[in-house]
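Right, one structure below, let's go through it.
The values are calculated or read from the model by the stated rules, or taken from the named source; none is laboratory data. Worth saying up front: this structure is predicted, and the values here are computed from it rather than measured. Note that we place each Cβ from the backbone using ideal geometry, even for glycine, and neighbour counts take in every protein chain shown. When the accessible area is computed, the model is the full protein with side chains, heavy atoms only, and any ligands, DNA or RNA have been set aside. Shrake-Rupley method; radii C 1.70, N 1.55, O 1.52, S 1.80 Å.
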Amino acid sequence: MNSENLLKIELIIGGIVEIIIGSLFLFLDIIFEQIGLENIPIFTQMAGSFLLCYGILLVYSARDVEKYLIIPLVNIFARVIIVIFSIISIFDYPEFMGILLFAIPYDTLWSIIMIILLKKREIIFKKS
């Protein structure tokens, strides 16, 4: 399988994961309530809506990666920031240790693989 197909597959898989997580976030306040965490429902609804829409954008960007390059680049940047805050938060919220121990490697690997595939296709870091 060539790098172009792998790149498109990763964008689609990443987008689908974002859509699923976004959909779950829309109803996260119910889960928070069950485990006794205080939560403002509008935060989870906004985060869920953002992730849902961003997932759709990632899937859409697979159509023409070069044209919509900004979408995966911003997503990589956002994932790096999320990983940093997840590492900081892992000790503050032990209730989420299972989720964060999955999310941290997923976001890190997704970003690294995406950068490698973009570089391999010479979409970023082009040789002069």
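Some observations on this one:
- Among residues of segment 34-61 that are at negative phi and open to solvent by 40 Å² or more (accessible area, probe 1.4 Å), those with a Cβ under 8 angstrom from a residue that is at pLDDT 75 or above and of a type in the set (S, T, N, Q), sequence gap 6+ or separate chain, pair up as LEU52/SER23.
- Looking only at residues in segment 83-128 that are among the polar types (S, T, N, Q) and either in contact with a Leu (Cβ under 9 Å, 6 or more places away or on another chain) or not in a helix (DSSP H, G or I) (or both), the one that is farthest from ILE16 (Cα to Cα) is SER128.
- Verdict on GLU10 being touching a residue at least 60 places away in the same chain (Cβ under 8 Å), closer than 24 Å to LEU101 by Cα and in a helix (DSSP H, G or I): yes
- Search result, residues across segment 13-33 that are assigned to a loop (DSSP other than H, G, I, E, B) and either in contact with a helix residue (DSSP H, G or I) (Cβ under 7 Å, 6 or more places away or on another chain) or under 17 Å from TYR60 (Cβ atoms) (or both): LEU26
- The numbered conditions (1) at pLDDT below 90; (2) in a helix (DSSP H, G or I) are all true for VAL80 except (1).
- For segment 109-128, filtering for residues that are open to solvent by less than 50 Å² (accessible area, probe 1.4 Å) and within 14 Å of SER86 (Cβ to Cβ) leaves 2.
- The set of residues in segment 79-92 being closer than 18 Å to TYR54 by Cβ and surrounded by 15 or more Cβ atoms within 10 Å (Cβ to Cβ) consists of ARG79, ILE82, VAL83, SER86.
- Restricting ILE31, ILE19, ILE76, ILE71 to those that are surrounded by 13 or more Cβ atoms within 10 Å (Cβ to Cβ), under 12 Å from the mean Cα position of the chain (by Cα), more than 23 Å from PHE125 (Cβ to Cβ) and among the β-branched types (Val, Ile, Thr) reduces the list to ILE19.
- Sole exception among (1) open to solvent by 40 Å² or more (accessible area, probe 1.4 Å); (2) modelled with pLDDT of 85 or more; (3) over 23 Å from SER3 (Cβ atoms) for GLU95, by number: (2)
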